[in-house]
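Colleague: After the structure tokens below, expect a handful of questions from me.
A short reminder: the numbers here are calculations on the coordinates, not readings from a lab. The structure presented is a predicted model; accordingly, all values stated were derived computationally and were not measured. No Cβ is skipped: glycine too gets one built from the backbone with ideal geometry, and neighbour counts run over all protein chains shown.
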Amino acid sequence: MTHASTVGFQLIRNATIKLSFGDTTFLVDPMLAPKDSFPGFPGTVNSHLRNPTVELPLPTEEIVRADAVIVTHIHPDHWDAAAIAALPKDIPLFAQNDNDAADIRKQGFSDVRVIGAGSEFRGVRLSPVKGQHGSETHMAMIGNFLGETVGVVLQCAGHQTVYIAGDTIWTPDVDAAIAGYQPGIIILNTGYAQIAGFDGSIIMGKKDLGRAYKAAPGATIVGIHMEAFNHMMQSRHELRDYVAQNGMDAARVLVPEDGQAYRF
């Protein structure tokens, strides 16, 4: 994953991924707990199941080998106690806002930065894209619980631009990021997670993957954040069936298994 001009991607599990631009590797949204470590999320669909529902595909010591960490938000399916314990406390870490950064500093991390317009790390530029962790109804009723979240665009000379949408539904900010940054790789959280008693999802699903496919005809679309937590209602099988049934180019739409890696 270190060849010049190559972007390396690896799905670890859930929303945890590794991205490499040349010799620089980012670990994104590390959630490293063993299977069944904690109860299902209260108030969500299938909350009787314990989380995470599957084991890690790789040893933790291998997963945490990275140059920097990106945490899109601090919900426990993106940033958990196991990751906090396993990561070196001096690793550069990028958070979405001052509040998350302050919480992460309290957990012992010494080099915590907020993603902003001028964020850069070893020649990779990081730009925030506002997310919305649910519909307008979700946000009006339980917005304090869902909180803020962010997507990130990573740009590096000689490499394809990568857009990590994060935990968001499709919004005008997503449209603007795709139109403005023209990413060659778009990574979507497509587990269609649901809160009990509410219609719709708090993140994207298969129709959003189809929308990205049409909005960015030259890009590779990657669907992740499935089959690891109790409230994920869309499977990889369902997503792959959707791709096939809608005549989408399978070479442009990737639905990786845990641990699977690609080069772009």
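Colleague: May I have the convex hull volume per residue, in Å³, for the Cα set of the stretch 80-127?
Modeller: So the per-residue hull volume is 79 Å³.
Colleague: Suppose every Lys and Arg Cβ carries +1 and every Asp and Glu Cβ carries -1, with no other charges. What dipole size does the stretch 132-264 come out with about its Cα centre, to the nearest 20 debye?
Modeller: Once rounded to the nearest 20, the dipole reads 380 debye.
Colleague: I've got another one for you. Which Cα, out of F41, A177, P57, lies furthest along the positive dipole direction of the chain (beta carbon charges, K/R +1, D/E -1)?
Modeller: Value: A177.
Colleague: Something else now. Based solely on C-alpha atoms, express the radius of gyration and the Dmax of the stretch 18-91 in angstrom.
Modeller: Reported Rg and Dmax, both Å: 13.4, 43.
Colleague: Can you give the charge dipole size of the chain about its Cα centre, rounded to the nearest 20 debye, using +1 on the beta carbon of Lys and Arg and -1 on the beta carbon of Asp and Glu?
Modeller: 400
Colleague: Just how far, in whole angstrom, is the stretch 72-87 from the stretch 207-249 if you go by their alpha carbon centroids?
Modeller: With the stretch 207-249 and the stretch 72-87 each reduced to a Cα centre, they are spaced 25 Å.
Colleague: Which value in deg cm²/dmol, rounded to the nearest 500, describes the helix-derived mean residue ellipticity at 222 nm for the chain, given -39,500 (n - 2.57) per DSSP H run of n ≥ 4 and division by the residue count?
Modeller: On the way: 7 runs with 60 residues, N = 264.
Helices in the chain give a 222 nm mean residue ellipticity of -6500 deg cm²/dmol.
Colleague: Would you mind checking the stretch 41-76 for residues with the amide N under 16 Å from a putative spin-label position 7 Å along Cα→C-beta of D90?
Modeller: 66-69
Colleague: Mark the label point 7 Å from the Cα of Q182 along Cα→Cβ and return the residues of the stretch 212-248 whose backbone N is within less than 15 Å of it.
Modeller: Residues 216-220 fall inside that zone.
Colleague: If you stretched the chain out fully between R263 and T171, how much longer would it get, using 0.36 nm times the residue separation minus the C-alpha to C-alpha distance?
Modeller: Separation in residues times 0.36 nm, less the Cα-Cα distance, equals 30.3 nm.
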